[in-house]
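The values are calculated or read from the model by the stated rules, or taken from the named source; none is laboratory data. Fair warning: this is a prediction, and the values are worked out from it, not measured in the lab. A quick note on method: Cβ atoms are made from the backbone with ideal geometry, for glycine too, and the neighbour counts reach across all protein chains shown. Accessible surface areas use protein heavy atoms only, side chains included; no ligands, DNA or RNA. Shrake-Rupley method; radii C 1.70, N 1.55, O 1.52, S 1.80 Å.
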Amino acid sequence: MANVKKHIDIFATTISEFEYVADEDLKKEILNSEFEQIKKSHTSTSNDINLQNKNQYKGFVTKIIDTAKEMCDFYGYEYDELEITNMWINISQKNDTHMPHNHSNNIFSGVWYPFKNKITPIFFYDPRNVASFWQPRRKKFNVINSNMISYENKQHLGLMFPSWLYHSVPPSDETRISLSWNIIIRGKYGEPNSLQNASI
Ligand SMILES: [Fe+2]
């Protein structure tokens, strides 16, 4: 051993965890929301997809904006302001799935589990599609040698990730409730006079 001096991870994909405990008002509000069934066997979403504007969500909104600001610092992104563009509830009945998807036209997306759900995880997929071209048999799966990462949904856990990252939910073990949102960075994009700069 000890021939490699250093292993350096490049082109990292970061998932940022946080924790938030819902108060009783917020739990009631979530459970009393109206839902639209998208199609059979698919997770339903709340009719209101701008929950960030509702009073009961104020504390939670502050939490995710503060978390996203820390993420911007970690990524080294400048920003004028962070804006939640949508926020909604997902509800899956037993065996409902949520097919692989990402969230276009946003920078960060997130999910949070206000209730105790059964184990049904969330899957994240390796964005480097060429990385799974050869797959030497693995002694043990880890974040370097895997092309899909499964995340257990734990009550109070929140995850934020780049909006381009594909994710899905397998058939639900039982009723499963989560909240989702998208965030855009308001500010300057690109280097000045690069012909690839914008103010968004
Ligand atoms: Fe999603």
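Listing for the model above:
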read-out	value
Mean separation of Cα contacts under 8 Å (6+ apart) over length of the chain, as relative contact order %	30
Carbon and sulfur %, accessible surface of the chain computed with the full protein complex present, 1.4 Å	52
Distance from the range 1-68 to the range 123-165 (C-alpha centre basis), Å	18
Of the trypsin sites (Lys or Arg not before Pro) in the range 15-91, those whose Cβ has at most 13 other Cβ within 10 Å and which sit in DSSP loop	K39, K40
Alpha-carbon Rg with Dmax, taken over the range 82-157, Å	15.4, 44
Given K118/K140; K5/K63; K27/K69; K69/K139; K28/K188; K94/K139, the pairs whose alpha carbons are separated by over 28 Å	K5/K63; K69/K139; K28/K188; K94/K139
Rough spin-label spacing in nm, given labels placed 7 Å along Cα→Cβ, for R137 and I200	4.6
Debye intensity ratio I(q)/I(0), log10, the range 1-130, q values 0.16, 0.17, 0.20 Å⁻¹ (C-alpha model)	-1.02, -1.13, -1.47
Pairwise label distance in nanometres, N50 with K28, each label 7 Å out on the Cα-Cβ vector	2.5
D48 long-range amide H proximity, modeled H, under 5 Å	E34
